[in-house]
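K.L.:
Okay, here's the structure, questions in a sec.
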Amino acid sequence: MIRSNGTKRVVLQELMLAEGYPAAGELIGEKSGVSRQSVWKAVEGLRDDGYGIRSIPHKGYLLEELSPNDLDPTMLENILYDCPWGHPVLYWPSLASTQEPLKEMARQNAPEGAVITADEQTRGRGRLGRNWESPPGGGLYFSLLMRPRISPGNIQLVSLAAAMAVWESILELFNISCDLKWPNDILFGEAKLCGILTETASEPGKVHYAVTGIGLNANVDLRLTGSSARTASLIAITGKPVHRGRILSAIVKKLHHFVSALENPEGGRKLIEDYTKRCTTLGRKVRVVQETEDIFGKAVSLDERGALVVESGEGRRVFAAADIVHLRQNQ
Ligand code: BTN
């Protein structure tokens, strides 16, 4: 596992601020309140993480190359420097799933905003007990720990907020306008680009934690994974590899904004309003997959808790959580 530490983060920040010039170890130490020896140790640590840093006698350290790992936690914590979330970021080259270790950390009182990310998941999990294919090098897989100060009955709003955070990040970073499929799939056309899994622990009146896992097909080569035509990836849409760390940090910043806003009712109303505009499920014929029998109807709106309202032959039904199939108009 690779993790950042405070000294590594500030040393990297100073080296980046020097923009192509050497930064003196003594000055970095003074600015960051650590000894020259600690600066040197941090530089060694950064080199181990893949950063190209040259020592220039009598001048200092010159940052020549960033880490080839686009999920390097020191870099991520630097980008998230002014965001209360994203501290710490923990990175593993391979994990079974990013969800379980973060839930364990949540139970051990880890701080809100902690992130776990991995290059590969060997047992990635999707919603409703499904698998989430997580080959190395291609996808963005991460989980974020939140402790939202909202009533447990409103927890669906956190999932909708996550979908909105992904939607906005993709629009801002790549100028790609996606659609949202209720409750939290991000579609490009009809193909799935990103899935979200939120797992929570609560007691009456209080949410202990929500761990939201985001799986985004960033640089996944869909020809190699044998994925169906109903799967999209950013590399296929943009035609070039994308930087997963930039996407992760944009999503974390936006989620912090949306979830903090949920603490007052106006924030919830605004979220539902924004989500509704981007939700392609609304106004469509849908099949709601249920354990006993499927329900067919038209998805008409979301209620104030983010549940889906469906008009069927037997009147209006409200679904807090369900698997939805979009139907063609003639189905
Ligand atoms: C879905 O659409 O079914 C949800 C997919 C969620 C996948 C992410 S990847 C990061 C986190 N770790 C997991 O094992 N699953 C979630």
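K.L.:
Name the strands (runs of 3 or more DSSP E) wholly inside the range 11-106 in which the number of residues that are under 18 Å from V252 (Cα atoms) is 3 or more.
P.N.:
Strands (runs of 3 or more DSSP E) meeting the threshold: 89-95.
K.L.:
Right, here's the next one. Please note which strands (runs of 3 or more DSSP E) are completely contained in the range 286-331 and include at least 3 residues that are over 29 Å from E266 (Cβ atoms).
P.N.:
Correct list: 295-302, 323-326.
K.L.:
Could you list, in sequence order, all residues of the range 139-150 that are more than 8 Å from the ligand (Cβ to nearest atom) and in a loop (DSSP other than H, G, I, E, B)?
P.N.:
R147, P148, R149, I150
K.L.:
Would you confirm, using the coordinates I've provided, whether I272 is aliphatic (A, V, I, L, M), within 23 Å of the chain's Cα centre (by Cα), part of a strand (DSSP E or B) and buried (at least 16 other Cβ atoms within 10 Å of the Cβ)?
P.N.:
No; evaluated as a whole, the condition is false for this residue.
K.L.:
On the basis of being part of a loop (DSSP other than H, G, I, E, B), within 16 Å of the ligand (Cβ to nearest atom) and either at negative phi or of a type outside the set (K, R) (or both), does P183 make the cut?
P.N.:
Yes.
K.L.:
Can you confirm whether the range 222-243 contains a residue that is surrounded by fewer than 16 Cβ atoms within 10 Å (Cβ to Cβ) and touching a helix residue (DSSP H, G or I) at 6+ places or on another chain (Cβ under 7 Å)?
P.N.:
Yes, the range 222-243 contains a residue that is surrounded by fewer than 16 Cβ atoms within 10 Å (Cβ to Cβ) and touching a helix residue (DSSP H, G or I) at 6+ places or on another chain (Cβ under 7 Å).
K.L.:
Step by step: first the residues of the range 111-138, then only those that are away from the ligand (no atom under 11 Å from the Cβ) and farther than 20 Å from I251 by Cα, then the one that is surrounded by the most Cβ atoms within 10 Å (Cβ to Cβ). Which residue is that?
P.N.:
P135
K.L.:
May I ask you to list the residues in the range 168-183 that are buried (at least 20 other Cβ atoms within 10 Å of the Cβ) and either farther than 24 Å from I155 by Cα or among the β-branched types (V, I, T) (or both)?
P.N.:
The one that is buried (at least 20 other Cβ atoms within 10 Å of the Cβ) and either farther than 24 Å from I155 by Cα or among the β-branched types (V, I, T) (or both): I170.
Laboratory data are not the source of any read-out in this text; all were calculated from the coordinates shown. Because the structure is a prediction, the values reported are computed rather than measured. Heads up, the Cβs are rebuilt from the backbone with ideal geometry, glycines too, and the neighbour counts pull from every protein chain shown.
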